[in-house]
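Everything below concerns the one structure shown next.
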Amino acid sequence: MIPRALIFDVDGTLAETEELHRQAFNETFAAEALPWHWDKAAYRRLLDVAGGKERIAHFLASAPAGAERASGRIAELHAAKTQRYTALAGAGAPLRSGVARLIREARQAGVRLAIATTTSLPNVEALLGAAFGAEAMALFDVVGAGDVVPAKKPAPDIYAHVLERLALPAAACVAFEDSTNGLKAARGAGLATIVTPGIYTEGDDFSGALAVLSDLGEKDAPYRHLAGAGAGDTMVTLDALGRWLAAA
Ligand code: XBP
Ligand code: MG
C-alpha cells in the first residue's frame, strides 16, 4: 500500500542549502563587524545544534572574541541572517536529484505532501518559490517550520505537529531526512524514514532508517544504495515506498 503522505525535511533534503545558510551567517557577522567566520569544518560541528538562533547561542557559549558585542542580540543577528538567506535561496538553489520528480508523482497520485523543518518559514518560502514558482506553498498540505514548536530536532515535536495537522497516523506516512538529528526526530514521531545524506551529513549514523540512499534517484541517474531497503531499485517511487513499508 502506497503512503498517504510524504513529509519532507528542507535543509540538506530538498536542496543542499546549508552552504547558503553558512554564507548568510558569515556575511551577517562581517556586516556587524563581529570577528567570526564559520568555515566548513566549524559549521559541520555547529550543525549538531538545530536552529540558527540556537546555533549562535551555542557558539556564543564558547566565548569567542567579540562575544560581548553579540550577547542579547541573537534574535536581531538571526533576523539579519534570515534576510540574507532568503535572498540567496530566492535566487535559486537546485533541488536534489529526484525531489521534483517524486513531488510531482505524489501530486498526480493524490498523495498528500508536507514539510517538517527546523528552518524559518521565510526560508522555506524563498527556496520553494524559486523551485516551483508562485504556487509552490500550495503544493504542500502542511508546512511545519522554525519556532512553531517549542523543541527542535532531534525532538519529535515538528513531526508530531505536522502529523496532527495532517490528521494521519505515522504508519500512513513516510519522512525524508538528511541528518541524524532529523532521523531521530522523525523516528521519535513513529515515522518510517528515508535518509539521503548531504554534504554535511555523509557518513553519519543513520541507524533506524527505512533506507539510506545517495539521493531519490532519476530514470537516467539511479541512486546509490547505502543501507536498508531499496537495494533492488533505482529510484524512490510511490510503488517502491509501498513495497519497502510492507516488507519493513
Ligand atoms: C536545518 C537547521 C536549520 C538551518 C538554519 O533545518 O538546523 O536551523 O541550519 O536555518 P532542517 P535557521 O530541519 O530543514 O534540516 O537559521 O532558519 O534556523
Ligand atoms: Mg536537514
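Converting phi to 3J(HN,Hα) with the Karplus coefficients 6.51, -1.76 and 1.60 and the offset θ = phi - 60°, region 195-211 yields 10, 10, x, x, 4, 9, 10, 4, x, 6, 7, 10, 4, x, 6, 5, 8 Hz in sequence order, with x at every glycine or proline.
Here Met1, Met137, Met235 are placed in order of increasing Cβ neighbour count within 10 Å, fewest first, which gives Met1, Met137, Met235. As a rough footprinting exposure proxy, the listed residues His225, His21 were ranked by other beta carbons within 10 Å of their own, and the order from fewest upward is His225, His21.
Put simply, when 178-187, 144-153 are sorted by average Cβ atoms within 10 angstrom per residue, most first, you get 178-187, 144-153. Dividing the helix sum by the residues of the chain, where each DSSP H run of 4 or more adds -39500 (n - 2.57), gives a mean residue ellipticity at 222 nm of -12000 deg cm²/dmol. Stokes-Einstein diffusion for region 7-73 at 37 °C, viscosity 0.692 mPa s, with a Kirkwood radius from C-alpha pairs, works out to 258 µm²/s. In terms of surrounding Cβ atoms within a 10 Å radius of their Cβ, Lys81, Lys40 rank from fewest to most as Lys40, Lys81. Looking at region 123-248, the DSSP beta bridges with both ends there are about 40 percent antiparallel. Whole angstrom only: what separates the Cα centroid of region 176-248 from the Cα centroid of region 103-146? First find each Cα centre; the distance between them is then 19 Å. For Lys152, give me every one of the lysines with a C-alpha distance below 22 angstrom, ignoring sequence neighbours fewer than eight places off in its own chain. List returned: Lys53, Lys81, Lys184.
According to the calculation over all Cα-Cα pairs in the chain, the P(r) per 5 Å bin from zero is 1, 6, 14, 18, 20, 16, 11, 6, 4, 2, 1, 0 %. Restricting the calculation to Cα atoms, every distinct pair contributes to the Kirkwood radius of region 192-248, found to be 11.4 Å.
Based on the convex hull around the alpha carbon atoms, region 65-138 presents an average projected area of 6.6 nm². Taking every DSSP bridge with both residues inside the chain, close to 20 percent are antiparallel.
FYI, it's all coordinate maths here, none of it is from the lab. Keep in mind that this is a model prediction, so the values were computed, not measured. In this analysis, Cβ positions are derived from the backbone assuming ideal geometry, glycine residues included, and neighbour counts consider all displayed protein chains.
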